[in-house]
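Computed from the coordinates by the stated procedures, all read-outs in this text should not be read as laboratory data. Just so it is clear, the model here is predicted, and its values are computed rather than measured. All Cβ positions, even for glycine, are placed from backbone atoms using ideal geometry, and neighbour counts span all protein chains on display.
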Amino acid sequence: MPHSTDERRPRDADCAGLAVVGAGPAGLAAAVTAADHGLDVVLLDSAVTPGGQYYRSPPGGLGATRPGALHHGWPVFAELSARLAAHRDSGAIRHLPNHQVWTVERAGDGDWILHAVTGAEGDQRSAVRARRLLLATGAHERQLPFPGWTLPGVVSAAGAQAMLKSGLVLPGRRIVVAGSGPLLQAVALSLTRAGASVPALIEASGYGAYARAPQVLAANPGKMAEGVRHGAALTGAGVRMLTRRAVTDVHGDDRVEAVTVSRVDRRWRPVPGTGREIACDALAVGHGLAPQLELAVAAGCGTRACADGTHAVTLDQQLRTTVPGVWAAGEAGGIGGVELALCEGELAALSVIREMRGGVQRAAARRAVALLRSRRRLRAFSTLMGAVHRPGAGWSEWLTGDTEVCRCEEVTAGRIRTACEEFGAGDTRTVKLLTRAGMGWCQGRTCGFAVRELADAHGSGRGAGEEPDGPDRRPLACPVRLSTLADLAEPA
Amino acid sequence: MRRTHARTPAELVAARPEPEFQLTFDGRPIRGLPGQSIAATLWSAGILTWRTTRVHGRPRGAFCGIGACYDCLATVNGRPNQRACLLPARPGDAITTQEGDGYAALDR
């Protein structure tokens, strides 16, 4: 883009200098930083209130006088919110809440057009134009199927956290937390603080695996201290921490009454005869997070395979994607947590300013150097974290033939195995065409990772020279009405 | 975060909610609070299931809690396929268990 002339283009009510998608930690940090430096920003977010999933808070009607009690680092969010409000009042940021962007397209002049659905019923449409695009689309939780995981009372760990933070509700009174990854500790702590009892936290990996990279740990003393603090708080709350174990069965007729927990080996294969029942009325389960890449893929951005087994947007040091005029920050560029998201959001905004103006002022340049250093350190930690908690190849051995893998289309592990073994499917797409796994409402967001792993395991797989499975492609980032699609064909 | 443990989520955040209202689930009255989603309102009433699946008729409710998985679809005021975890509850809402795709009436 011709940046030198760009600055001279008059401010245009119909075309923002920068569109930021997502008002979570990364998007908020990016939007307020860009506005601080004089850019006109439009901030689109699917939620009604800013904060993303991490800083979810109860709506006003619930009258939470201490919303920070459910959060870590609430003052950081309070400060970002105040800056957002000030920029909104001055007109520097146009904040569009309840705008779910479902696709982006590039206009002939290089501008980006963002198409969103909005309105209380999600049936209104809106299009926003901007010269540059910054994607801070966050993540959703990654799931692995296991026998009984569709029984009511089994909820996603991040989902239990989200329902608690926004609705002040719990799925039960005695909740087992299971899966893998550091989020589980935070979830278990929140649940106990909110009055639930958590008899056990079941982690399939071993925390000892972090010792593989002592130099990364030494560079991140804060992360280590946090782990120790969480461990102590969990013990204090009566939570038993059980590592190298997994939930391999769920019991109950209409809802969860107990779970079976089995030992797993280093490859996450369940060890026969080690199952033990734990009584509970809910199970909160998750296996790390997965970046939401729909819009990045729609914009043509390159992606990379990460140590945790997910795909993320490929970024350079300046947080530029492989497409000129498109930046990304936070979980979209690889799962790394809130501290990294805040750092990257600010850094990406400074990078936008630098590219627009051919440089930044000295103070901003110094700030960028410090942020770059933090980013390198935090990315190293997140890569280690991803490798430690990446599901071991043996997880699928806890599936039975009738375990549902795709919840939407009710496709069992047995049918997927038949597709692979008898019909030669060796990739996600072929499995989907043969079984409908991943074809339902959620478009494979829930089962995608599991289906890919099951297909890969049979590995009859790819033809010569074919790339390994890339990220899932979802041309529509959320379901839209046919009338909305039809309208898109009309010139705006 | 405070180290103390509350008895309920509302106690933890010292909530002083606006007056509650009434809505119904399958005709039975339940109470809702302003700002809560349909799913949160149902969880508050101890209800975890408000849909049966299309193929095997199995019970489902909220799973991902953030609008990504579509497991929590419910019929609200006669409109099927509403994501209960995102849709705010409103006074007088009539929530009904969604059977299958929720369009059985069209097949008759």
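Quick rundown of the values:
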{"item": "Average partner coverage of A:67-74, which counts Cβ from other chains inside 10 Å", "result": "3"}
{"item": "Chain A: angle of helix A:221-236 to the longest principal axis, Cα-based, in degrees nearest 10", "result": "40"}
{"item": "Over chain A, relative contact order from alpha-carbon pairs under 8 Å, at least 6 apart, %", "result": "17"}
{"item": "Built amide H within the under 5 Å cut-off of A:W102, gap 5+", "result": "A:H115, A:A116, A:V117"}
{"item": "Proxy reagent accessibility, fewest Cβ within 10 Å first, across A:L476, B:L73", "result": "A:L476, B:L73"}
{"item": "Under-5 Å amide H pairs with A:A139, H placed in peptide plane, nonlocal only", "result": "A:Q292"}
{"item": "Nearest-ten-degree value, helix A:448-458 long axis tilted from longest Cα axis of chain A", "result": "60"}
{"item": "The stretch A:81-123, relative contact order [Cα under 8 Å, separation at least 6], %", "result": "29"}
{"item": "Per-residue HN-Hα couplings for the stretch A:283-289 [Karplus 6.51, -1.76, 1.60; θ = phi - 60°; Hz; x = Gly/Pro]", "result": "10, 10, 10, x, 10, x, 10"}
{"item": "J(HN,Hα) series, the stretch A:37-49, from Karplus relation 6.51 cos²θ - 1.76 cosθ + 1.60, nearest Hz, glycine and proline x", "result": "8, x, 7, 8, 10, 10, 10, 9, 8, 6, 8, 7, 10"}
{"item": "Chain A: C-alpha pair distances exceeding 44 Å, %", "result": "13"}
{"item": "Ascending count of other beta-carbon atoms within 10 Å, so fewest first, for A:C343, A:C478", "result": "A:C478, A:C343"}
{"item": "Cut-off 16 Å (backbone N to label point 7 Å along Cα→Cβ of A:D14), residues of the stretch A:71-114", "result": "A:107-114"}
{"item": "Tilt relative to chain A, helix A:157-167 - C-alpha long axis, 0 to 90 degrees, to 10", "result": "60"}
{"item": "Residues A:S197, A:S351 arranged by fewest to most Cβ contacts within 10 Å", "result": "A:S197, A:S351"}
{"item": "Contact order normalised by residue count of the stretch A:324-447, Cα under 8 Å, 6+ apart, percent", "result": "17"}
{"item": "Shape call, the stretch B:36-100: gyration tensor on alpha carbons, a/c limit 1.5", "result": "prolate"}
{"item": "Rounded to 5, the percent of DSSP beta bridges in the stretch B:36-100 classed as antiparallel", "result": "80"}
{"item": "DSSP loop trypsin sites (Lys or Arg not before Pro) with at most 14 other Cβ within 10 Å: longest gap in chain A", "result": "A:268-461"}
{"item": "Ellipticity estimate at 222 nm from DSSP helix runs (n ≥ 4, -39,500 (n - 2.57)) divided over chain A, nearest 500", "result": "-10500 deg cm²/dmol"}
{"item": "Karplus-derived HN-Hα couplings along the stretch A:379-395 (A = 6.51, B = -1.76, C = 1.60, θ = phi - 60°), whole Hz, x at Gly and Pro", "result": "5, 4, 5, 5, 5, 4, 4, x, 5, 5, 9, 4, x, x, 5, x, 4"}
{"item": "Nonlocal amide H pairs with A:A178, under 5 Å, H built at 1.01 Å", "result": "A:I202, A:A284, A:V285, A:G286"}
{"item": "Antiparallel %, DSSP beta bridges [both residues in the protein assembly as shown], to 5", "result": "55"}
